[in-house]
Structures are given as C-alpha cells and as structure tokens.
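Here the structure is laid out as structure tokens; the discussion comes afterwards.
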Amino acid sequence: MIVPELSYQERVGVLYHEHHGWLQGWLRKQLGSGSHAADMMHDTFVRLMHTRRDPASLHEPRAYLATIARGLLVDHFRRQGIERAWLETLAARPEQVAPSAEEQALIIEALVRIDALLDSLPVQTRDIFLLSQLDGMTYAAIASRLGLSLITVKRH
C-alpha cells in the first residue's frame with residue numbers, strides 16, 4: 001500500500017518493492033530471458049519516473065506497469081527487426097566494404113529513428129512518401145496506384 005505522505009521517490013520505491021518481482025516474471029515470459037527482463041523491468045520504472053505519475057494515484061498499478069512495459073516490448077521487437085534486416089543487408093555485401101562496428105551502431109540508431117518517424121505519419125502520407133522516395137514513382141503514378149487525386153498526393 002502506497003502512502004501519499006511519503007516523498008515521490010519513496011512512493012516509487014514502494015511500488016517497485018511491491019511489483020518488481022511480478023513485472024520481471026511477466027517480462028521473462030515475454031522475452032524468454034531473465035537478464036533482458038531485468039533490464040526492461042528497470043526501463044519500465046525509469047519510464048514511470050519520467051512521466052512523474054504519482055504511484056499513489058494508480059488504482060491498478062500492475063495494469064499501468066504492464067502498459068508501459070508493453071510499449072517497451074514493442075520498441076524492443078521493432079528494433080530487433082530493424083537490426084535483423086540490417087545484418088541481412090550487411091551479410092550480402094562484400095566484407096571489404098562492411099562498415100565498422102561503430103558505424104553499424106550509428107546506422108542502426110538512424111534506422112530506428114527513421115522507422116519511428118515513419119510510424120508517426122498518417123498511413124496515407126507514409127504510403128505516398130515511401131512510393132515517392134523508395135520506389136521513385138511520380139505523383140501521377142502514385143495517384144493512379146492509390147486511387148487518389150493528384151492534388152491529394154501533392155498535399156501529402
């Protein structure tokens with residue numbers, strides 16, 4: 001039970017003490033790894049502290065923690081997919097043109113940021129952007145393919 005008279009840090013500490021074991025077990029089931037679960041459990045509480053949400057105001061603390069953790073899981077699995085695609089692309093390149101480990105880490109970070117930005121766009125805008133930039137289609141061809149007016153494609 002979290003007592004409102006405690007400081008914010010103390011209330012977070014009580015929440016951690018009461019629920020960290022459950023959360024880590026839940027994450028272990030999702031990830032299949034105890035060490036990754038411990039890291040993500042830690043990240044969940046860090047994210048909670050960044051929101052400055054008062055733990056004493058949580059009527060369902062496990063549901064709230066699980067919601068934060070699910071978001072972190074989505075980010076984790078999305079990043080794994082990006083890393084896997086990058087490694088497959090890298091494996092197809094000759095070894096002498098392979099980037100250094102540092103360059104690879106920077107590329108993966110950039111790809112993760114690009115993915116997040118694309119994901120934040122409305123679906124239609126994202127589709128138009130990708131058809132234009134990746135497939136090199138003209139606005140007229142995009143309009144025809146998507147069944148939109150040319151002015152709509154230009155607006156997006």
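The values are calculated or read from the model by the stated rules, or taken from the named source; none is laboratory data. Because the structure is predicted, anything quoted here is derived from the model rather than measured. Please note: Cβ atoms are built from the backbone with ideal geometry, for glycine as well, and neighbour counts cover all protein chains shown. To get the accessible areas, we keep the full protein, side chains included, count just its heavy atoms, and leave off ligands, DNA and RNA. Shrake-Rupley method; radii C 1.70, N 1.55, O 1.52, S 1.80 Å.
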**OP:** State the percentage of accessible surface on the chain attributable to carbon and sulfur atoms; use a 1.4 Å probe and exclude ligands, DNA and RNA.
**Re:** 57
Subject >> Within the chain, helix-based [θ] at 222 nm, where runs of 4 or more DSSP H residues each add -39,500 (n - 2.57), nearest 500 >> reply: -25500 deg cm²/dmol
Original post:
What residue among VAL12, VAL123, VAL74 shows peak mean-square fluctuation when the chain is described by a Gaussian network model with Cα springs under 10 Å?
Top reply: VAL123
**OP:** Could you pull out the trypsin sites (Lys or Arg not before Pro) across the stretch 11-61 that fall in loop regions by DSSP (anything but H, G, I, E, B) with no more than 11 other Cβ atoms inside 10 Å?
**Re:** ARG52
Original post:
Any idea of LEU117's accessible area? Nearest 10 Å², probe 1.4 Å.
Top reply: 120
Original post:
Expressed as an acute angle from 0 to 90° and rounded to the nearest 10, what is the orientation of the C-alpha long axis of helix 61-91 relative to the principal long axis of the chain?
Top reply: 40
Subject >> Spatial separation of Cα centroids for the stretch 109-143 and the stretch 47-93, in angstrom >> reply: 23
Original post:
How big is D for the chain, in µm² s⁻¹ as a whole number, if Stokes-Einstein is applied with the Kirkwood radius of its Cα pairs at 20 °C and 1.002 mPa s?
Top reply: 111
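Roll a 1.4 Å probe over the protein chains and send me the accessible area per residue for the stretch 8-92 in Å².
On the way: 5090 Å² over 85 residues.
I get 60 Å² per residue for the stretch 8-92.
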**OP:** Please give the contour-minus-distance gain from GLN124 to GLU95: 0.36 nm per residue of separation, less the Cα-Cα distance, rounded to one decimal in nm.
**Re:** 6.6 nm
Subject >> Theoretical FRET efficiency, 1/(1+(r/R0)^6), r = Cβ-Cβ of TRP22 and ASP43, R0 22 Å, to 0.05 >> reply: 0.85
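Taking the Cα centre as origin and putting +1 on Lys and Arg beta-carbons and -1 on Asp and Glu beta-carbons, what dipole magnitude results for the chain, to the nearest 20 debye? Could the numbers behind the result be given before it?
Numbers: 17 positive and 18 negative charges, 109 e Å.
Roughly 520 debye for the chain.
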